[in-house]
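See structure below.
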Amino acid sequence: MLKPYLFVEKTPQMGKGVYTKERIPANTVIEISPVIVMKKEDKEHLDKTLLHDYIFLWGKLQDKCCMALGLIPMYNHSYKSNCEYFMDFEDDTIMIETVRVIEKGEELTINYNGDPNDGARVWFDVK
């Protein structure tokens with residue numbers, strides 16, 4: 001499930017990102033996408049490639065990784081994110097939900113730490 005008003009566009013600092021053509025209310029599910037689950041050994045190989053920046057740790061013990069499909073890999077990180085993500089380990093999906101009203105034309109972001117309020121440093125420089 002992917003809302004039709006979402007689109008990918010170039011960003012000033014982060015390459016590309018996900019934006020909206022419409023105003024979105026708070027607490028709106030905007031995407032549910034399947035993931036491809038991989039073993040821990042696969043993550044060790046992926047960490048040596050560009051895909052390192054697009055995979056998620058996966059499983060209750062975070063002993064696997066996954067590649068999300070849909071627009072999930074295109075949401076940029078923000079410590080003041082306007083969306084959050086939820087992992088469903090039984091259905092092998094990731095869901096994106098807004099945490100506040102998002103205005104038309106605004107970029108949608110997630111906190112890569114998993115919690116929209118988590119200020120722990122991520123593995124890359126944030127501008």
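Read-outs throughout are calculated quantities, based only on the coordinates presented, and are distinct from any laboratory measurement. Computed from a predicted model, the values in this text were never measured in an experiment. Cβ sites come from the backbone with ideal geometry, for glycine too, and all protein chains shown count toward neighbours.
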Exercise. Taking amide H positions as placed in the peptide plane 1.01 Å from N, state which residues far from N76 in sequence (5 or more) or on other chains have amide H under 5 Å from it.
Key: V18, I110
Exercise. Cross-chain or 8 or more residues apart, Cα under 14 Å: how many lysine pairs in the chain fit that? Count them up, please.
Key: 10
Exercise. Can you put K16, K3, K48, K64 in order of Cβ neighbours within 10 angstrom, beginning with the fewest?
Key: K48, K16, K3, K64
Quiz item: What dipole magnitude, in Debye to the nearest 20, does the chain give about its Cα centre under +1 on Lys/Arg Cβ and -1 on Asp/Glu Cβ?
Solution: 380
Quiz item: Once you mark the chymotrypsin sites (Phe, Trp or Tyr not before Pro) that are in a DSSP loop and have at most 15 other Cβ atoms within 10 Å, what is the longest gap between them in the chain?
Solution: 6-88
